[in-house]
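Student: Can you read through this structure? Questions will come right after.
The values are calculated or read from the model by the stated rules, or taken from the named source; none is laboratory data. What you see is a predicted model; the values in this text were computed from it and never measured. Virtual Cβ from ideal backbone geometry, glycine too; neighbours counted across all protein chains shown.
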Amino acid sequence: MSWRVVACIASCAMVSAQPPTTLRTETRVVQIDVEVKDSRGQPVSGLVLDDFTITDSGKRRPIQLFSVEGGGTPAPRPPADPLPPNVFSNQSRFAPSATHATVILLDAINNYWDDVAAARARLVAMTEKLRSDERIAIYVATTQPAGVRIVQGFTTDRALLRRTIQAYWPPTITPAPGMISGPPPPPAEEEFRRRAAVTDTMAAFRLLAEHLGKLPGRKSLLWVTSGLPPRQLREMPDPYDRAAAALNEANIAVNVIDDDGVGDLHRRWGRESRWTLRQLADSTGGKAFVWRNDLENMLVEAIEAPRITYTLGFYLPDDERDEKFHPLTVRVNRRGLNLSYRKGYYAGAVPLAVPPNRREPLENFLLHPQDANEIEITAEVMQVPGGQLRVAMRLGAQQLSFQAHDDRWLAKVEEMFLETNAAGQVVARVSDTKEIRISQRLREQFAGEGVPLTQEMRLVETAARLLIVLRDAESGRTGTLSVPLIR
């Protein structure tokens with residue numbers, strides 16, 4: 001039986017926290033991505049370095065880095081020879097896209113079940129209005145299980161996005177009042193729920209910052225929510241401060257989408273929770289969309305907003321790290337313009353958003369919006385007798401760390417193969433570390449042909465996608481190839 005495989009992004013995983021890594025260097029770049037709008041809300045182009053000034057805690061900083069990013073579709077590279085049938089590669093034929101990455105986060109912590117279900121229907125309408133080159137991922141913040149679940153990984157495939165949204169149902173959370181009967185919870189239990197909502201939500205933001213921080217450029221997070229418990233948020237500043245700092249370090253702008261429209265019918269924590277919507281947006285350079293009943297239009301506006309971004313930066317010497325939060329102010333020398341940007345940074349030891357690649361769990365590569373190509377992978381994927389899936393690969397020999405060992409050359413490759421079903425759930429997994437031991441003659445031969453590796457695994461009937469992750473154990477260089485399997 002032959003298979004047709006189409007390259008695409010892996011879409012479903014459970015995000016889990018990793019131990020934080022701290023790094024100190026002599027200098028550190030403080031990067032500020034600025035969106036500039038005119039009085040009509042239209043993006044402003046044509047600004048140059050001399051139009052901007054930055055002040056850090058009232059002290060003017062020299063702008064030592066400056067760049068401008070606009071929208072557009074990927075520029076095609078020169079045509080490449082077509083690959084044979086059923087053979088696929090992680091070497092892209094397109095230059096990296098200048099478009100930013102957008103994550104839509106559905107809030108199953110602070111919303112009722114009904115709100116999340118209604119937002120699901122509006123997301124389908126949103127897909128009809130988006131530009132075709134916009135990369136979208138959909139996550140949900142949950143308490144059961146705690147964390148952030150990926151509903152759909154980054155994709156520009158609008159049909160896939162709609163199918164995934166239509167197949168998704170929110171997790172088991174509290175229905176809106178009137179859906180169930182019974183006495184209200186005791187005051188102590190309700191207080192516990194409210195404080196847990198704050199800590200769980202802030203933990204979800206820190207997880208997102210940790211994992212999305214590996215992606216280059218500015219990221220837009222669209223948080224579809226009705227807000228947080230206001231008193232508990234005021235009384236618990238530490239979780240909020242740590243989450244805001246992590247989001248800023250990861251270069252993520254939080255745009256808050258109020259899913260309760262102009263009323264407060266389904267607002268779980270009361271109408272006072274509406275003021276909390278602007279707080280995280282303001283601190284990360286995002287925008288709050290409130291008091292509107294057109295959820296799908298709010299989502300489109302938030303996605304389309306950062307089409308032109310000015311990136312400013314300055315170097316922070318090591319002797320100026322005072323372990324304090326530094327407020328930032330950016331100004332432009334033209335009247336009538338509105339600026340959105342991060343409002344500060346923490347001048348302490350530099351926290352990496354994620355551990356270095358060589359320490360990072362291979363499952364984390366499910367989060368990447370594009371195949372990693374630090375190791376070139378060319379793979380033939382086919383079904384073989386006995387209900388098995390056979391993957392015959394060639395790896396770029398120059399990207400593997402071969403070490404001389406006696407009269408041989410030795411390299412080690414960590415590998416993981418995941419099969420997922422149409423809903424993105426993992427249905428089969430194989431993990432291993434392979435030792436490649438070759439002679440000098442074979443090393444010279446593989447330099448031109450690639451290093452062969454073969455893997456067989458049980459083919460699950462419901463499998464719709466295969467993700468291959470290979471990592472050089474010595475250098476941490478990683479290659480991935482993600483393909484759906486279409487019978």
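Student: Keeping to segment 439-487, report how many residues are of a type in the set (S, T, Y) and under 16 Å from W409 (Cα atoms).
Tutor: 2
Student: Six or more apart or on different chains, Cβ under 9 Å: which pairs go from a residue in segment 315-333 that's over 11 Å from A347 (Cα atoms) and touching a residue at least 60 places away in the same chain (Cβ under 8 Å) to one that's of a type in the set (S, T, Y) and in a loop (DSSP other than H, G, I, E, B)? Could you list them?
Tutor: Short answer, once both residue conditions are applied: L328/S57; L328/Y341; V330/Y341.
Student: Given the conditions (1) within 25 Å of Y168 (Cβ to Cβ); (2) touching a residue at least 12 places away in the same chain (Cβ under 8 Å), report the number of the one that E461 does not fulfil.
Tutor: (2)
Student: Please find, within segment 29-51, the residue that is surrounded by the fewest Cβ atoms within 10 Å (Cβ to Cβ) out of those that are in a loop (DSSP other than H, G, I, E, B) and among the β-branched types (V, I, T). Spell out the reasoning first.
Tutor: Keep residues of segment 29-51 that are in a loop (DSSP other than H, G, I, E, B), which gives 38-42, 44-48.
Still in the list and also among the β-branched types (V, I, T): 44, 48.
Numbers: V44: 18, V48: 9.
Filtering first and then ranking leaves V48.
Student: So which residues in segment 434-457 are out of contact with any Phe, Trp or Tyr (no Cβ under 7 Å at 6 or more places or on another chain) and within 28 Å of F154 (Cβ to Cβ), if there are any at all?
Tutor: Residues satisfying the conditions are G450, L453.
Student: Next question. Go through segment 453-472 and give me each residue that's closer than 14 Å to V381 by Cα and not charged (D, E, K, R). Can you show your working first?
Tutor: Narrowing segment 453-472 to residues closer than 14 Å to V381 by Cα: 453-459, 463-468.
Listed by number, the residues that qualify are L453, T454, Q455, M457, L459, A463, A464, L466, L467, I468.
Student: Among the residues of segment 472-485, is any loosely packed, with under 15 Cβ neighbours inside 10 Å and of a type outside the set (G, A, S)?
Tutor: no
Student: Within segment 18-43, restricting attention to residues that are under 20 Å from the mean Cα position of the chain (by Cα) and polar (S, T, N, Q), which residue is modelled with the lowest pLDDT?
Tutor: T21
Student: Can you pull out the residues in segment 400-414 that are of a type outside the set (K, R) and touching a strand residue (DSSP E or B) at 6+ places or on another chain (Cβ under 6 Å)? Steps first, please.
Tutor: Going through segment 400-414, the residues of a type outside the set (K, R) turn out to be 400-407, 409-411, 413-414.
Correct list: L400, S401, F402, Q403, W409, L410, A411, V413, E414.
Student: L316: part of a strand (DSSP E or B), at pLDDT below 85 and within 28 Å of P237 (Cβ to Cβ), yes or no?
Tutor: Working: part of a strand (DSSP E or B): yes; at pLDDT below 85: yes; within 28 Å of P237 (Cβ to Cβ): yes.
Criteria met by L316.
Student: If you don't mind, there's one more thing I want to ask. I'd like to verify a number: residues in segment 225-243 that are over 27 Å from A117 (Cα atoms) and among the small types (G, A, S), how many?
Tutor: Count: 0.
Student: Do the conditions hold for L395, that is, is it crowded, with 19+ Cβ neighbours inside 10 Å and within 30 Å of R163 (Cβ to Cβ)? Please lay out each step first, then the result.
Tutor: Numbers: crowded, with 19+ Cβ neighbours inside 10 Å: yes; within 30 Å of R163 (Cβ to Cβ): no.
No: the conditions fail for L395.
Student: Restricting the search to segment 138-182, which residues are touching a strand residue (DSSP E or B) at 6+ places or on another chain (Cβ under 9 Å), modelled with pLDDT under 85 and part of a strand (DSSP E or B)?
Tutor: T142, G147, V148, R149, I150, V151, Q152, G153, F154, T155 - these are the residues of segment 138-182 that are touching a strand residue (DSSP E or B) at 6+ places or on another chain (Cβ under 9 Å), modelled with pLDDT under 85 and part of a strand (DSSP E or B).
Student: Tell me which residues, restricted to segment 401-431, are in contact (Cβ under 8 Å) with a residue 12 or more places away in the chain and over 30 Å from L160 (Cβ atoms).
Tutor: Taking segment 401-431 first, the residues in contact (Cβ under 8 Å) with a residue 12 or more places away in the chain are 401-403, 405, 407-431.
Scanning segment 401-431 gives S401, F402, Q403, H405, D407, R408, W409, L410, A411, K412, V413.
Student: Hey, does segment 305-312 have a residue that's modelled with pLDDT under 70 and among the basic types (K, R)? Give the derivation first.
Tutor: Here is the first cut: in segment 305-312, the residues modelled with pLDDT under 70 are 305-307.
Applying the additional criterion that residues be among the basic types (K, R) yields 307.
Scanning segment 305-312, I find at least one residue that is modelled with pLDDT under 70 and among the basic types (K, R), so the answer is yes.
Student: Report yes if some residue within segment 415-433 is of a type outside the set (S, T, N, Q) and farther than 27 Å from I150 by Cβ; otherwise report no. Outline the logic, then answer.
Tutor: So in segment 415-433, the residues of a type outside the set (S, T, N, Q) come out as 415-419, 422-424, 426-430, 432.
The next check asks that each one be farther than 27 Å from I150 by Cβ; those that pass are none.
No, segment 415-433 has no match at all.
Student: Please find, among A159, A118, the residue that is of a type outside the set (F, W, Y) and surrounded by 14 or more Cβ atoms within 10 Å (Cβ to Cβ).
Tutor: On the way: A159 fails: surrounded by 14 or more Cβ atoms within 10 Å (Cβ to Cβ).
That would be A118, the only listed residue that is of a type outside the set (F, W, Y) and surrounded by 14 or more Cβ atoms within 10 Å (Cβ to Cβ).
Student: Is there a residue in segment 194-202 that is within 22 Å of A347 (Cα to Cα), at pLDDT 70 or above and buried (at least 20 other Cβ atoms within 10 Å of the Cβ)? I'd like the intermediate steps shown before the answer.
Tutor: Just the residues of segment 194-202 that are within 22 Å of A347 (Cα to Cα), to begin with: 202.
The next check asks that each one be at pLDDT 70 or above; those that pass are 202.
Still in the list and also buried (at least 20 other Cβ atoms within 10 Å of the Cβ): 202.
Yes; the residues of segment 194-202 include at least one that is within 22 Å of A347 (Cα to Cα), at pLDDT 70 or above and buried (at least 20 other Cβ atoms within 10 Å of the Cβ).
Student: Inspect segment 214-234 for any residue being charged (D, E, K, R), part of a helix (DSSP H, G or I), surrounded by 21 or more Cβ atoms within 10 Å (Cβ to Cβ) and assigned by TED's automatic domain parsing to the domain that holds Q279 and give the result as yes or no. Steps first, please.
Tutor: Restricting attention to segment 214-234, the residues satisfying the condition of being charged (D, E, K, R) are 214, 218-219, 231, 234.
Now restrict to residues that are part of a helix (DSSP H, G or I): 231, 234.
Checking which are surrounded by 21 or more Cβ atoms within 10 Å (Cβ to Cβ) leaves us with none.
So far as segment 214-234 goes, no, none of its residues is charged (D, E, K, R), part of a helix (DSSP H, G or I), surrounded by 21 or more Cβ atoms within 10 Å (Cβ to Cβ) and assigned by TED's automatic domain parsing to the domain that holds Q279.
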